[in-house]
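These notes concern the structure reproduced below.
The values are calculated or read from the model by the stated rules, or taken from the named source; none is laboratory data. If you're wondering where the values come from, they're calculated on a predicted model, not measured in any experiment. No Cβ is skipped: glycine too gets one built from the backbone with ideal geometry, and neighbour counts run over all protein chains shown.
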Protein chains: 2
Amino acid sequence: MQSNNRTEIATLGEFGLIDHLTKDLPLQNASSLYGVGDDAAVLNYAQKKVLVTTDLLMEGIHFDLVYTPLKHLGYKSAMVNFSDIYAMNGTPKQITVSIALSKRFFVEDLEEFYAGLRLACAEHHVDIVGGDTTSSLTGLAISITCLGEADEDEIVYRNGAKETNLVCVSGNLGAAYMGLQLLEREKALFGNKTDVQPDFSGKEYLLERQLKPEARKDIIDSLRKEKIKPTSMMDISDGLSSEMLHICKQSGVGCRLYEEHLPIDYQTAVIAEEFNMNLSTCALNGGDDYELLFTVPVSDHDKVVAIKDVHVIGYITKPELGSALITRDGQEFELKAQGWNPLEDK
Amino acid sequence: MQSNNRTEIATLGEFGLIDHLTKDLPLQNASSLYGVGDDAAVLNYAQKKVLVTTDLLMEGIHFDLVYTPLKHLGYKSAMVNFSDIYAMNGTPKQITVSIALSKRFFVEDLEEFYAGLRLACAEHHVDIVGGDTTSSLTGLAISITCLGEADEDEIVYRNGAKETNLVCVSGNLGAAYMGLQLLEREKALFGNKTDVQPDFSGKEYLLERQLKPEARKDIIDSLRKEKIKPTSMMDISDGLSSEMLHICKQSGVGCRLYEEHLPIDYQTAVIAEEFNMNLSTCALNGGDDYELLFTVPVSDHDKVVAIKDVHVIGYITKPELGSALITRDGQEFELKAQGWNPLEDK
């Protein structure tokens, strides 16, 4: 955000800026009939159901531009919305992108943000079909709405988990949270000194999990290929505990998760030790994982464990048994939603 | 926003707050299959095309809570999105609502905001199907996305205006802008003194136009009843000049508007004089009118002038004639987009 060779946004104006950022946006999807440039976009969902999800990201709450490159922020902003559509067992097709900017942003900053957005959209074949560009008194606000499609009988809600179902997660947990701890520590150490380059070597994976999460389309594809339809599913944004409790509440069931089966990457474990943090707590409550949490009938056990990067971590119980974690030494602890809660943290 | 008898948002938490605000939201539309409570809403648009529009409203830029009651803000936030759907000749059906709040807001403030949203939605038979509730470091941010429906052959874009078409507007122009001037003047005079009540008697209409605009569904209904399909249409949010230039640019045409035909309310004229402002400038560039601007074939003249509250203000020309206002004394002035531009004002 230095001002050398930077273009003031006022030189383009609102409509000029929108034209500049949204030029060369050929629509890729048959369902995108008309994109940017009118009062509304026009879409065709005659054959499928429409899925709609939205996120509002605020500077200082959801992201810190001291260590978040704008290109990564654009990528992540889109990706977290795609993740919600995949978590319904659907396919993302369109997004609208609204941004509010304060005076300190230049046209080039927005170009970076849009480069990240476009990359995420290209990887998932999603069209940018509209939005709003405006100003803010302080900081950056980003609101993305994603539309996706699914056949009605393919849609997976949070409310279908049944007793004896297996609880599964994709990937591993807690890595994005440890990446955030690393970034926050370096920020505290180095402040705004731009001549010092922090050494993150060997920790790149954790940073990438925080700054550039990937929506798990591959898992959805694998489940479909194996003809497994989860009984319930959601994506993990606020931490495994919080999301598991959503599924249990909406499905009217309980669960038992096994600490020893929580999938954790080696780097996550190393850094948790370095920070003197409890590793399972990081995995349960860290958040920002954007992995998929889902339940399947026990009869799908063999098929589901054969899918790369899917882990069975527990099972669904009767509701009266509550929701608990069973530790390595066999103790039971009630699951609590201690995930990231922006409205309680402040 | 006083704290007597106020409930801290932290006492409910994010999910508690969402549950509280979104309880008792029965879905009214057949196209709303599943609303709040999962990763995404599920909609059925098998019979119609989907229209999507979105707006991001920032405190201090788009609204001032010193003189904007939160209930009005909720109402207006929804209404401006409905207006975009009507401007495509469609019908709004669903909205998602995202809000980011700073510490100074209480649960009761959000209840007020939602009361306004719900009122607007009830009047236009729109379902609230999702959203995001989070926090901000400073101020309030509101992002609303509206989905609507239309038959493909009913949709009216900005790009269909043809030479000799009549240019029409609904209602009157400049009133919301004069309402804003009044509110800003009282704010400057009284500041934060809460014991003084400004006297707005006789000016209520202007305040209402600013604080509680109405999307012109009635005009869309009348046009349909008269079997008039506009050749182009948009809603007036940034001022008549700016919107007219959008239509001319996208349609590849020019226009002549007549100053004497600009529809202006009596109260607007009185206050413009009091403020020593040029009345036509207010009508052309004021913004926030949320009236409809549209073009129709000249053969529809008799039918269109018979519609209550529709005014013919000019006609479409060849592009080489440019876009101009013809004043009362017969002079031609090129139309310029001097409407409200948040990215240039700051």
_Please go through the stretch A:143-174 and give me each residue that is touching a Gly at 6+ places or on another chain (Cβ under 8 Å) and not in a loop (DSSP other than H, G, I, E, B), ordered by number._
A:GLY148, A:GLU149, A:ALA150, A:GLU154, A:LEU166, A:VAL167
_Criterion (buried (at least 18 other Cβ atoms within 10 Å of the Cβ) and without any contact (Cβ under 8 Å) to a residue 60 or more places away in the chain) met by exactly one of B:LEU207, B:LEU189_ = B:LEU207
*Being buried (at least 17 other Cβ atoms within 10 Å of the Cβ), over 22 Å from A:ALA141 (Cβ atoms) and not charged (D, E, K, R) is the filter here, so list the residues in the stretch B:45-68 that pass it.*
B:TYR45, B:VAL50, B:LEU51, B:TYR67
*Which residues, taken from the stretch B:11-41, are modelled with pLDDT of 80 or more, of a type in the set (Gly, Ala, Ser) and surrounded by fewer than 17 Cβ atoms within 10 Å (Cβ to Cβ)?*
B:GLY16, B:ALA30
*asked:* Please go through the stretch A:104-128 and give me each residue that is within 14 Å of chain B (Cβ to nearest Cβ) and acidic (Asp, Glu), ordered by number.
replied: A:ASP109, A:ASP127
*Scan of the stretch A:290-340 for residues that are assigned to a loop (DSSP other than H, G, I, E, B) and within 14 Å of chain B (Cβ to nearest Cβ), ordered by number*: A:TYR290, A:LYS336, A:ALA337, A:GLN338, A:GLY339, A:TRP340
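Can you spot a residue in the stretch A:95-102 that is in contact (Cβ under 8 Å) with a residue 12 or more places away in the chain and either part of a loop (DSSP other than H, G, I, E, B) or away from every other protein chain (no Cβ under 11 Å) (or both)? Write out each step before concluding.
Step one: list which residues in the stretch A:95-102 are in contact (Cβ under 8 Å) with a residue 12 or more places away in the chain, which gives A:95-102.
Restricting the remaining residues to those that are either part of a loop (DSSP other than H, G, I, E, B) or away from every other protein chain (no Cβ under 11 Å) (or both) gives A:102.
Within the stretch A:95-102 (the criterion being in contact (Cβ under 8 Å) with a residue 12 or more places away in the chain and either part of a loop (DSSP other than H, G, I, E, B) or away from every other protein chain (no Cβ under 11 Å) (or both)), the answer is yes, since at least one residue qualifies.
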*Go through the stretch B:51-84 and give me each residue that's in contact with a strand residue (DSSP E or B) (Cβ under 7 Å, 6 or more places away or on another chain) and among the hydrophobic types (A, V, I, L, M, F, W, C).*
B:LEU51, B:VAL52, B:LEU56, B:LEU57, B:MET58, B:ILE61, B:PHE63, B:LEU65, B:LEU73, B:ALA78, B:VAL80, B:PHE82
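Would you mind stating whether B:GLY74 is over 16 Å from the mean Cα position of the chain (by Cα) and either within 12 Å of chain A (Cβ to nearest Cβ) or under 20 Å from B:ALA215 (Cβ atoms) (or both)?
On the way: over 16 Å from the mean Cα position of the chain (by Cα): no; either within 12 Å of chain A (Cβ to nearest Cβ) or under 20 Å from B:ALA215 (Cβ atoms) (or both): yes.
Considered against the rule, which asks whether it is over 16 Å from the mean Cα position of the chain (by Cα) and either within 12 Å of chain A (Cβ to nearest Cβ) or under 20 Å from B:ALA215 (Cβ atoms) (or both), B:GLY74 comes out as no.
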*Any idea how many residues of the stretch A:83-137 are closer than 30 Å to A:VAL296 by Cβ and of a type in the set (Gly, Ala, Ser)?*
4
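Which one of B:LEU262, B:LEU284, B:LEU279 is among the hydrophobic types (A, V, I, L, M, F, W, C), surrounded by 24 or more Cβ atoms within 10 Å (Cβ to Cβ) and closer than 29 Å to B:ASP55 by Cβ? Write out each step before concluding.
On the way: B:LEU262 fails: surrounded by 24 or more Cβ atoms within 10 Å (Cβ to Cβ); B:LEU279 fails: surrounded by 24 or more Cβ atoms within 10 Å (Cβ to Cβ).
Exactly one of B:LEU262, B:LEU284, B:LEU279 is among the hydrophobic types (A, V, I, L, M, F, W, C), surrounded by 24 or more Cβ atoms within 10 Å (Cβ to Cβ) and closer than 29 Å to B:ASP55 by Cβ, namely B:LEU284.
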_Among the numbered criteria (1) away from chain A (no Cβ under 14 Å); (2) modelled with pLDDT under 90, which one does B:GLY131 miss?_
(1)
*asked:* I'm trying to understand the selection: among the residues of the stretch A:299-310, which are surrounded by 15 or more Cβ atoms within 10 Å (Cβ to Cβ) and over 19 Å from the mean Cα position of the chain (by Cα)?
replied: A:ASP300, A:LYS303, A:VAL304, A:ILE307
*For A:TYR290, state whether it is within 24 Å of A:GLN181 (Cβ to Cβ) and aromatic (Phe, Trp, Tyr).*
yes
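Can B:GLY13 be described as under 16 Å from the mean Cα position of the chain (by Cα), within 8 Å of chain A (Cβ to nearest Cβ) and among the small types (Gly, Ala, Ser)? Step through it out loud before you land on a result.
On the way: under 16 Å from the mean Cα position of the chain (by Cα): no; within 8 Å of chain A (Cβ to nearest Cβ): yes; among the small types (Gly, Ala, Ser): yes.
Considered against the rule, which asks whether it is under 16 Å from the mean Cα position of the chain (by Cα), within 8 Å of chain A (Cβ to nearest Cβ) and among the small types (Gly, Ala, Ser), B:GLY13 comes out as no.
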*Any idea which of (1) out of contact with any Cys (no Cβ under 6 Å at 6 or more places or on another chain); (2) more than 25 Å from B:TYR157 (Cβ to Cβ) is the one B:ALA272 doesn't satisfy?*
(1)
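Using the structure shown, decide if A:ASN159 is within 14 Å of chain B (Cβ to nearest Cβ), touching a residue at least 60 places away in the same chain (Cβ under 8 Å) and either surrounded by 19 or more Cβ atoms within 10 Å (Cβ to Cβ) or within 30 Å of B:ILE142 (Cβ to Cβ) (or both). Don't jump to the end; show me each part of the working.
On the way: within 14 Å of chain B (Cβ to nearest Cβ): yes; touching a residue at least 60 places away in the same chain (Cβ under 8 Å): yes; either surrounded by 19 or more Cβ atoms within 10 Å (Cβ to Cβ) or within 30 Å of B:ILE142 (Cβ to Cβ) (or both): yes.
Taking the combined requirement at face value, the residue satisfies it.
Take the residues in the stretch B:162-180 that are β-branched (Val, Ile, Thr) and touching a Leu at 6+ places or on another chain (Cβ under 9 Å); name whichever of them is farthest from the other protein chains (Cβ to nearest Cβ).
Among those that are β-branched (Val, Ile, Thr) and touching a Leu at 6+ places or on another chain (Cβ under 9 Å), it is B:VAL167.
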*Tell me, which residue of the stretch A:136-145 that is buried (at least 23 other Cβ atoms within 10 Å of the Cβ) and at the interface with chain B (Cβ under 8 Å from one of its Cβ atoms) is farthest from A:ASN29 (Cα to Cα)?*
A:SER136
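Within the stretch A:30-51, track down each residue that is β-branched (Val, Ile, Thr) and facing chain B (nearest Cβ under 7 Å).
Quick first cut of the stretch A:30-51, residues β-branched (Val, Ile, Thr) only: A:36, A:42, A:50.
Within the stretch A:30-51, A:VAL42, A:VAL50 meet the criteria.
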*Filtered residues of the stretch A:59-71 (kept if part of a strand (DSSP E or B) and either more than 14 Å from chain B (Cβ to nearest Cβ) or over 17 Å from A:GLY287 (Cα atoms) (or both))*: A:GLU59
*What number of residues in the stretch B:162-186 are surrounded by 24 or more Cβ atoms within 10 Å (Cβ to Cβ), within 20 Å of B:ALA87 (Cβ to Cβ) and aliphatic (A, V, I, L, M)?*
5
